[in-house]
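To start, the structure under review is shown below, and the notes come after it.
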Amino acid sequence: MSQPKGLIVITGASRGIGLALVYCYLKAGFPVLAIARNAASMRPHKNLTALDADLTDQTAIARIADLVEMTALPIAVLINNAGIQNAIDFTDPDIGGETSARKMRDEIALNLTAPILLIQSLLPLMLRPGGTIINVTSLVSRQPKPSAPVYSATKAGLASFTQSLRVQLLSEGIHLVEAVPPLVDTEMTAGRGSGKMSPQAIAHAIFESVRHRKRLVAPGLSRRVLILNRLLPELVRRILARS
Ligand SMILES: NC(=O)c1ccc[n+]([C@@H]2O[C@H](COP(=O)([O-])OP(=O)(O)OC[C@H]3O[C@@H](n4cnc5c(N)ncnc54)[C@H](OP(=O)(O)O)[C@@H]3O)[C@@H](O)[C@H]2O)c1
């Protein structure tokens, strides 16, 4: 199946998985709207519009909808990829302070609130039928990582939201995909783990998921962990608790 033509909107596009997705779609000839706080630093391309926007700021979301309207193109694919992961320890003596509160607010705003509000705002501009929304979650949406409790909660929330929305938008001809990357070699995972997948490999798997109308993209180790989690959830919980 070929991918329907239209605009591709990608958040968290300035580096890591998001940047690899941008190149994947540009290479395939799609017009791309790339969003990040430092999107303007991206290498220019005739099919690329880069928008600097902090997605923890809800007014930025209205600006994105305005920009999409100006392109007069329907959105073929919206990829909610931007995310941050903070280690948060609730036994830390400073947990009650403003620094911890800000870290938690930003994590919830970027990982969970922004995708929901972006979908709400961009839905009228999506291709019907044939549009696709891809939400990037994580294996910790299935079994939480104790050292990143807020991150895990946001990803579980986004996975749940994706399932509900898939059913709601079926009649509109809009397809929902959940992407569950394994450990990928990006700034987010710098200095931890081994045998990481390349950002290009996960971007390619996400790109192909649209063509094949998949509901779940879980390449490499992700697929094996998801299967194991269905069979032996307690074992997976213990493994993730050590990570
Ligand atoms: N890497 C992994 O192993 C892994 C595994 C599972 C899931 N994931 C998920 O995959 C997604 C991408 O992760 P990654 O590893 O590619 O991360 P990354 O390399 O740290 O990139 C994060 C992207 O988000 C953007 N961003 C951060 N704060 C933002 C904000 N306030 N407003 C707008 N954009 C913001 C960053 O750009 P600016 O700094 O320019 O804003 C950057 O483009 C995330 O949702 C992550 O949770 C990653």
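The values are calculated or read from the model by the stated rules, or taken from the named source; none is laboratory data. Note that this is a predicted model, so its numbers are computed, not measured. Neighbour counts are summed over all protein chains in view; Cβ atoms, including those assigned to glycine, are modelled from backbone coordinates with ideal geometry.
Candidates in segment 24-56 are the residues that are assigned to a helix (DSSP H, G or I) and of a type in the set (Gly, Ala, Ser); of these, the one that is nearest to Leu112 (Cα to Cα) is Ala39. Of the candidates Arg211, Arg242, the single residue that is within 21 Å of Val32 (Cα to Cα), of a type outside the set (Gly, Ala, Ser) and at pLDDT below 95 is Arg211. Does Val68 qualify as being without any contact (Cβ under 8 Å) to a residue 60 or more places away in the chain, more than 11 Å from the ligand (Cβ to nearest atom), buried (at least 17 other Cβ atoms within 10 Å of the Cβ) and under 27 Å from Leu170 (Cα atoms)? Against the criterion (without any contact (Cβ under 8 Å) to a residue 60 or more places away in the chain, more than 11 Å from the ligand (Cβ to nearest atom), buried (at least 17 other Cβ atoms within 10 Å of the Cβ) and under 27 Å from Leu170 (Cα atoms)), Val68 does not qualify.
This table checks each residue for (1) aliphatic (A, V, I, L, M); (2) touching a strand residue (DSSP E or B) at 6+ places or on another chain (Cβ under 8 Å).
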residue	(1), (2)
Leu127	yes, yes
Leu139	yes, no
Pro144	no, no
Ser147	no, no
Gly157	no, no
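Filtering Thr59, Thr49 for residues that are among the hydroxyl-bearing types (Ser, Thr, Tyr), surrounded by fewer than 17 Cβ atoms within 10 Å (Cβ to Cβ), free of Cβ contacts under 8 Å to residues at least 60 places away in the same chain and more than 11 Å from the ligand (Cβ to nearest atom) leaves a single hit, Thr59.
When you check Ala39 against the structure, is it away from the ligand (no atom under 12 Å from the Cβ) and either over 25 Å from Val217 (Cβ atoms) or under 19 Å from the mean Cα position of the chain (by Cα) (or both), yes or no? Considered against the rule, which asks whether it is away from the ligand (no atom under 12 Å from the Cβ) and either over 25 Å from Val217 (Cβ atoms) or under 19 Å from the mean Cα position of the chain (by Cα) (or both), Ala39 comes out as no. Once segment 32-46 is narrowed to residues that are among the basic types (Lys, Arg) and without any contact (Cβ under 8 Å) to a residue 12 or more places away in the chain, the residue that is surrounded by the most Cβ atoms within 10 Å (Cβ to Cβ) is Arg43. Evaluation of Thr189 against the conditions (1) more than 14 Å from Thr137 (Cα to Cα); (2) buried (at least 20 other Cβ atoms within 10 Å of the Cβ); (3) β-branched (Val, Ile, Thr) shows that the sole unmet condition is (2).
Checking each residue in segment 15-31 for being touching a residue at least 60 places away in the same chain (Cβ under 8 Å) and either within 10 Å of the ligand (Cβ to nearest atom) or within 19 Å of the chain's Cα centre (by Cα) (or both) picks out Arg15, Gly16, Ile17, Gly18, Leu19, Ala20, Leu21, Tyr23, Cys24, Tyr25. Counting only residues that are of a type outside the set (A, V, I, L, M), over 26 Å from Leu19 (Cβ atoms) and over 15 Å from the mean Cα position of the chain (by Cα), how many does segment 156-191 have? Going through segment 156-191 one residue at a time, the tally reaches 6.
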